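A short write-up of the structure that comes next.
The values are calculated or read from the model by the stated rules, or taken from the named source; none is laboratory data. The structure displayed is predicted, hence computed values, not measured ones. FYI the Cβ positions are ideal-geometry reconstructions off the backbone, even for glycines, and counts take in every protein chain you see.
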């Protein structure tokens with residue numbers, strides 16, 4: 001199932017000396033696949049269970065949103081720091097620490113007895129995810145640097161990435177309805193344990209990373225504070241309007257902190273958190289812009305379709321999850337197709353075609369009606385959008401890390417994960433506000449349908465913008481050739 005590496009030793013170090021280490025690429029890919037599935041799953045598995053969580057722990061309607069936001073804030077805000085830590089202290093070490101923290105936080109979250117305990121557990125989950133997500137992606141890039149194996153590895157990664165997000169709704173619905181809401185947290189524990197075992201056994205320790213300069217503590221603090229405050233300001237637009245003093249002030253401070261971060265990165269004598277020269281690489285810049293737009297569109301579409309199925313079509317949590325199953329299968333099919341096409345077509349071509357297909361599916365979703373049916377209003381557009389999404393997932397990661405120096409792959413991976421997470425937060429807040437304005441205070445199926453339809457149409461528009469970005473990816477990136 002898993003591709004084999006063309007070599008069984010690692011010879012690259014940051015200082016150029018050769019270091020022989022046992023490499024088991026199949027186990028490395030398995031570990032990364034489980035990690036990515038778990039991280040993606042946790043972005044959606046909790047959503048369907050929120051009403052039961054509110055009743056079980058006594059959350060107010062306003063405070064309940066922090067079950068989602070606490071994870072998004074820490075995950076999005078600390079990703080750059082997590083990527084840099086992977087480069088500086090070793091990807092395997094940071095991955096193991098992140099997995100241990102994520103698994104422990106999930107266990108404690110499932111045992112929570114009051115709202116504050118669950119929110120604290122979600123914060124710890126976000127910290128763990130910010131450490132393990134870029135570490136895992138950097139390991140994948142280093143283990144499969146080029147050729148046929150790289151195409152297949154990123155195909156597996158993209159399938160697990162998308163399947164986790166789509167199956168999260170199904171798994172969350174089934175666990176909430178037939179077990180307990182606590183299992184949306186407990187479900188992460190065996191996955192984290194499995195990934196820990198695979199990483200411990202199959203991931204090479206690698207050469208010791210060079211640390212011949214002082215870390216950029218000031219830059220790390222500014223980036224983390226700025227990104228966290230940016231996500232914080234956006235996710236609170238459900239309580240404070242975009243033009244309110246609270247939101248404007250929060251976002252202004254976030255922009256000021258990020259501007260200060262950029263200044264520090266240009267002038268620091270220390271080891272910078274992000275070398276700004278990375279953004280001069282057209283592939284890196286285009287991939288992150290593409291991922292930002294796709295992240296905003298996908299997070300919003302999942303949200304609107306889930307609400308449409310439950311509040312307009314009247315499905316329960318488990319039935320809602322089941323109706324998302326075709327989307328998950330379509331993403332897997334698209335990812336497999338991307339592997340096959342990846343030997344002949346350039347990544348930018350797959351990103352363009354995949355983005356157009358996904359935009360078409362979302363535009364179809366925008367035609368939903370109050371008296372709609374599963375086959376015409378959910379199944380059909382789900383299949384089109386999901387196959388397109390699967391086509392572009394692997395290529396965008398390959399583009400974002402292609403040509404990046406070995407000692408910066410963790411940083412590049414952190415940037416890509418961060419762009420997706422920030423895009424998801426910004427997109428959902430902006431499109432959710434637009435949908436709310438269209439709906440107004442009415443709660444009839446017709447009014448709700450109008451708001452959700454607008455949000456889904458705007459999601460399609462974000463994908464069209466992503467396609468335009470994909471066209472800026474350099475043509476020089478060529479597909480891998482078939483061996484033999």
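Do we find that residue 45 is part of a helix (DSSP H, G or I), closer than 30 Å to residue 323 by Cα and at pLDDT 80 or above in this structure? No; evaluated as a whole, the condition is false for this residue.
Of the residues 293, 276, 258, which single one is closer than 26 Å to residue 469 by Cβ, buried (at least 22 other Cβ atoms within 10 Å of the Cβ) and out of contact with any strand residue (DSSP E or B) (no Cβ under 8 Å at 6 or more places or on another chain)? Before you say what the answer is, go through the steps one by one.
Values: 276 fails: buried (at least 22 other Cβ atoms within 10 Å of the Cβ); 258 fails: buried (at least 22 other Cβ atoms within 10 Å of the Cβ).
Only one candidate qualifies: 293.
Residue-level analysis places residue 140 among those that are at pLDDT 80 or above, surrounded by 24 or more Cβ atoms within 10 Å (Cβ to Cβ) and assigned to a helix (DSSP H, G or I). Among the residues making up the range 350-372, a single one is free of Cβ contacts under 8 Å to residues at least 40 places away in the same chain and surrounded by fewer than 19 Cβ atoms within 10 Å (Cβ to Cβ): 371.
Filtered by the rule that a residue be in contact (Cβ under 8 Å) with a residue 40 or more places away in the chain and either surrounded by fewer than 24 Cβ atoms within 10 Å (Cβ to Cβ) or not in a helix (DSSP H, G or I) (or both), the range 389-408 gives 402, 403, 404, 406, 407, 408. Note on the range 159-268: enclosed helices (runs of 4 or more DSSP H) holding 1 or more residues that are in contact with a helix residue (DSSP H, G or I) (Cβ under 9 Å, 6 or more places away or on another chain) and within 20 Å of residue 82 (Cα to Cα) are 188-202, 217-235, 245-267.
This table checks each residue for (1) assigned by TED's automatic domain parsing to the domain that holds residue 363; (2) in contact (Cβ under 8 Å) with a residue 24 or more places away in the chain; (3) within 25 Å of residue 359 (Cβ to Cβ).
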| site | (1), (2), (3) |
| --- | --- |
| 244 | no, no, no |
| 254 | no, yes, no |
| 265 | no, yes, no |
| 276 | yes, no, no |
| 281 | yes, yes, no |
| 294 | yes, yes, yes |
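Sort out which residues of the range 98-116 are part of a helix (DSSP H, G or I) and surrounded by fewer than 18 Cβ atoms within 10 Å (Cβ to Cβ), and write them in order of number. Outline the logic, then answer.
The first filter runs over the range 98-116 and keeps only residues part of a helix (DSSP H, G or I), leaving 98-110, 115-116.
Result: 100, 104, 107, 108, 116.
One line per residue, one yes/no per condition, for (1) at pLDDT 90 or above; (2) farther than 30 Å from residue 281 by Cα; (3) surrounded by fewer than 20 Cβ atoms within 10 Å (Cβ to Cβ); (4) in the same structural domain as residue 91 (by TED's automatic domain parsing):
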| residue | (1), (2), (3), (4) |
| --- | --- |
| 418 | no, no, no, yes |
| 422 | no, no, no, yes |
| 425 | no, no, no, yes |
| 433 | no, yes, yes, yes |
| 437 | no, yes, yes, yes |
| 440 | no, yes, yes, yes |
| 445 | no, yes, yes, yes |
| 458 | yes, no, no, yes |
| 462 | yes, no, no, yes |
